[in-house]
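These notes concern the structure reproduced below.
We did not get these values from a lab; they are worked out from the coordinates using the rules stated. These figures come from a predicted structure and were not determined experimentally. Here the Cβ positions follow ideal geometry from the backbone for every residue, glycine too, while neighbour counts run over all protein chains shown.
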Amino acid sequence: MAKTYGEVHDNVINSYCIDFENGTILFNTVFFGNGGFQEPVSILFKNVMGYSLSDAIWGSCDLFNIEEYTVEEYINSNEDSKSILVDIGNCFPLKYKFNNHKELMEQIMQNNQKLYFINPSTGLGGWILAEKIILTGNISKIEDYWDKFYSKRK
């Protein structure tokens, strides 16, 4: 079962940086709530092996959530897993590092890589193959905001 990072829901991506030398991808986001409530959140992916991101639209990159899968779990639970594996195998630089699909999968497993799906509400989305994700910011403050928001609706 995928782990879902719902606490990034409605965060706006202000910028992102792909650091090839250090193998990281960093999203700088801000959650904007009612009444002027704002909370910055950084989303860091470490030990990135590959990625595919698209539809970065200036001023319109809102996150819905991020889902985390082990590669094996994703392959076993999704009909479209073959197309993702082809995408992973064809992304730069993996396309040039491995002689075949088996070598690539062995390396993914040895490095404890996970598939992170960036699911947008609008704009930027895609997937990142990385060892881990780190969220920094006051996530509990955002969770409290949503708890209050939904309790008012009852």
Next item on the list: State, to one decimal in nm, how far the label point of Cys17 lies from the label point of Lys152, with both points 7 Å from Cα in the Cβ direction.
Entry: 3.5
Next item on the list: Would you mind ranking Lys114, Lys152 so that the residue whose beta carbon has the fewest other beta carbons within 10 Å leads the list?
Entry: Lys152, Lys114
Note to self: Distance cut-off 27 Å, Cα to Cα: go down the list Lys46/Lys141; Lys46/Lys152; Lys102/Lys132; Lys3/Lys141 and report the pairs above it.
What the structure shows: Lys46/Lys152
